[in-house]
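Report on the structure given below.
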Amino acid sequence: MLIRECAGGVVFKGDSVFILKNEKGEWVLPKGVIRNNELPIDVAIRRVCAETGLKSVEVLSTAGETSYEFYSVTRQRPVFNKITWYLMTTSEEEFNISKEDGFVDGGFFPIDKALDMITYSQDKSLVNVSYFKYKTLTKALA
């Protein structure tokens, strides 16, 4: 089994969260594989910006970890992804979904709508918990 360490971001703007629709029709969060001894936080920021087209995001804290397994047809073996997530915020309005990375749609969606749209239950739980943490942190910073 191939084990991959990954990192990603749960990006909030006000009461909305950024989600992406991949070419399989799944609504997911932006993330990427950690390579070449990169720090997870650097990978998370880089992949969020690359996949969403946002120019800058601010990391507020860690958001948690998720993991999942799947069978890779191209690699002809099982893959185990372990993702470290970061709670992020942005004030940007402009975004540009990365079609090169296989995304077909995406953007900021109100929390309730996003939770209905997100494909995987782990991601739904992560967004739900992260939103509570985001509201708590931003209230403390205000």
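Label positions at LYS24 and GLU69, each projected 7 Å from the Cα along the C-beta direction, are separated by 1.5 nm.
Once you order the gyration tensor axes a ≥ b ≥ c over the Cα atoms, which shape class does segment 17-73 get: rounded for a/c under 1.5, otherwise prolate or oblate by comparing a/b with b/c? Write out the running numbers ahead of the final one.
Numbers: a/c = 1.63, a/b = 1.22, b/c = 1.34.
Oblate, since a/c reaches 1.5 and b/c is not below a/b.
In this rough spin-label picture, where each label sits 7 Å from Cα along the Cβ direction, the LYS113-ASN36 distance is 3.8 nm.
What's the Cα-based Rg to Rh of segment 46-122, Rh via Kirkwood?
On the way: Rg = 14.6 Å, Rh = 14.7 Å.
Expressed as Rg/Rh, it is 0.99.
In this structure, the amide hydrogen of LEU60, modeled 1.01 Å from its nitrogen in the peptide plane, lies closer than 5 angstrom to those of LEU87, MET88, THR89, counting only residues at least 5 positions away or on a different chain.
Given an 8 Å cut-off on Cα distances and at least 6 residues of separation, report the relative contact order of segment 2-141 as a percent. Present the calculation step by step, with values, prior to reporting the outcome.
On the way: 283 pairs, mean separation 47.0, N = 140.
Over segment 2-141, the number comes to 34 percent.
With 0.36 nm allotted per residue and the present C-alpha distance subtracted, the PHE132-TYR120 stretch has 2.4 nm of extension available.
Here the Karplus curve 6.51 cos²θ - 1.76 cosθ + 1.60, taken at θ = phi - 60°, turns the phi angles of segment 98-110 into couplings of 7, 5, 4, 8, x, 9, 10, 7, x, x, 8, 10, x Hz, with x standing for Gly and Pro. Taking only alpha carbon atoms, the chain gives an Rg to Rh ratio of 0.95, where Rh is the Kirkwood radius. Exposure here means at most 10 other Cβ atoms within 10 Å; with trypsin sites (Lys or Arg not before Pro) in a DSSP loop as sites, the longest stretch of the chain lacking them is 76-142. Using alpha carbons only, how many angstrom separate the centre of segment 17-34 from the centre of segment 64-142? Comparing the Cα centres of segment 17-34 and segment 64-142, I get a distance of 7 Å.
Just so you know, all these numbers are worked out from the coordinates, no wet-lab data involved. Values in this document were obtained by computation on a predicted structure and should not be read as measured data. Every residue, glycine among them, receives a Cβ derived from its backbone with ideal geometry; neighbour counts consider all protein chains shown.
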